[in-house]
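Comments concern the structure below.
What follows is calculated from the coordinates using simple rules that are stated; it is not laboratory data. Because the structure is predicted, anything quoted here is derived from the model rather than measured. Using ideal geometry, Cβ is built from the backbone for each residue, glycine included, and neighbour counts are taken over all protein chains shown.
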Amino acid sequence: MSQHQEKARIIRFEQLSDDNIRLTLHAPLIAETAKPGQFVMIKTGAGKDPLLRRPFSLHQTSSNGQIQIYFKNVGRGTSILAHSKVDEDLDVFGPLGRGFEIYLDKPACLVGGGLGIAPLLFLAKKLYRSTKDNSRDLIILGGRSRQEVEPLVEDFQQFGIAVRCITDDGSYGMKGFVTDVLKSERVVENGEVYACGPDPMLERVYEICLQKHAGCQVSVESVMACGMGACLGCNIPATDGGYLHVCIDGPVFRAEDLVWSL
Ligand code: FES
């Protein structure tokens, strides 16, 4: 698969909550080849500060050559991006990594927690622009509070799929965790679950999938320095006794290929 380095112009800047921002970038080569679950590396500052590119999952792409990223303003790199302006250019490299394997013949359940909601919009678009039977499908969106969930709900509702929202503090949707919903829904049985979020959430999702005989793909979060398999900074243990690179073997894995503490 080919990667591209593009000077991507910022087309749109959306402050979706106090800390969460969505950028739309013109990056036609990346938009043309990207798959749901893949990511890009972005140089967030000019010169050598910060030195390294930062990974961002692809939130969605469009046929007019645009890509979107969705992030939380939590550190040096994202703070610089949070102060970027429309018409500025960013140095973007991608698409990188292995994305979701899409099964159109199985009921689908998309499970996103916190910023893990971001890449699922791209996946939902791919799933529901196809001829997939979506009558037994479900999208579960969760986060700590309203701010993490509400801004993206309408984007998911456009597909006509049932969307369940849940927050840790009950400030939006039900009170609890995405796994509470997953566990109670019959729709998941013998289906395919596509999950993205923090590791403890993914582990619990996999546990429920085993009980429900559902396939489980997880998009794993990791610190990344190079994004290309060169620095060994993103290794995680695999069930075959070896290690996998999140950046080139993932970030999406079949859950059974990873070591969990179940
Ligand atoms: Fe360098 Fe994965 S980020 S090997």
(message) Let's test the formula: R0 of 45 Å, r as the Cβ-Cβ distance of S63 and S222. What FRET efficiency results, to the nearest 0.05?
(response) 0.90
(message) Can you give me the angle between helix 118-128 and the longest principal axis of the chain, using Cα atoms only, in degrees from 0 to 90, rounded to the nearest 10?
(response) 60
(request) Please work out the C-alpha center-to-center distance from the range 153-223 to the range 66-128 and express it in whole Å. (result) 17
(request) Please arrange S171, S62, S261 by counting, for each residue, the other beta carbons lying within 10 Å of its beta carbon, fewest first. (result) S261, S62, S171
(request) Mind running the shape call on the range 93-177? Use the C-alpha gyration tensor, a ≥ b ≥ c as the square roots of the eigenvalues: rounded below 1.5 for a/c, prolate if a/b tops b/c, oblate otherwise. (result) oblate
(message) With 10 angstrom as the radius, rank M228, M41 by how many other C-beta atoms surround their C-beta, starting from the fewest.
(response) M228, M41
(request) Tell me the chymotrypsin sites (Phe, Trp or Tyr not before Pro) within the range 91-122 that lie in a loop according to DSSP and have at most 16 other beta-carbon atoms within 10 Å. (result) Y103
(message) As a quick test, which of the pairs K7/K175; K43/K175; K126/K212 have an alpha carbon distance above 31 angstrom in this structure?
(response) K7/K175; K43/K175
(request) Provide L202, L258 in ascending order of the number of other Cβ atoms located within 10 Å of each residue's Cβ, fewest first. (result) L258, L202
(request) Multiply the residue gap between S84 and Q158 by 0.36 nm, knock off their C-alpha separation, and tell me the result in nm, one decimal place. (result) 23.8 nm
(message) I'd like the isolated cysteines in the chain, meaning no second cysteine's beta-carbon lies under 4.7 angstrom from theirs.
(response) C109, C165, C196, C234, C247
(request) Normalising by the residue count of the range 3-64, find the relative contact order in percent from Cα pairs under 8 Å and 6+ residues apart. (result) 26
(request) Compute the longest continuous run of the chain that contains no exposed trypsin sites (Lys or Arg not before Pro); treat a site as exposed when its DSSP state is not H, G, I, E or B and it has at most 15 other Cβ atoms within 10 Å. (result) 145-262
(message) For the pair R186/Q5, report the inter-label distance in nm, with labels modelled 7 Å from Cα in the Cβ direction.
(response) 5.5
(message) Quick check: the angle from helix 146-157's long axis to the longest principal axis of the chain, C-alpha only, nearest 10 degrees?
(response) 80
(request) May I have the pair-distance distribution P(r) for the range 4-96, computed from all Cα-Cα distances with 10 Å bins from 0 and rounded to whole percent? (result) 18, 56, 25, 1
(message) Under 5 Å between amide hydrogens, which residues at least 5 positions from V111 or on another chain qualify, with H placed 1.01 Å from N in the peptide plane?
(response) I140, Y194, A195, C196
(request) Can you bin the range 22-172 into rounded, prolate or oblate? Criterion: square roots of the alpha carbon gyration tensor eigenvalues sorted a ≥ b ≥ c, rounded for a/c under 1.5, prolate for a/b above b/c, oblate for the rest. (result) oblate
(request) Run the numbers on the chain and let me know its relative contact order in percent, using alpha-carbon pairs under 8 Å that are six or more apart. (result) 17
(message) Once the cut-off is 27 Å, how many percent of the Cα-Cα pairs in the chain end up in the long-distance tail?
(response) 34
(request) Specify the residue with the greatest mean-square fluctuation among T44, T131, T179, computed from a Gaussian network of the chain linking alpha-carbon atoms under 10 Å apart. (result) T131
(request) Let me know the volume per residue of the alpha-carbon convex hull for the range 108-257, in Å³. (result) 115
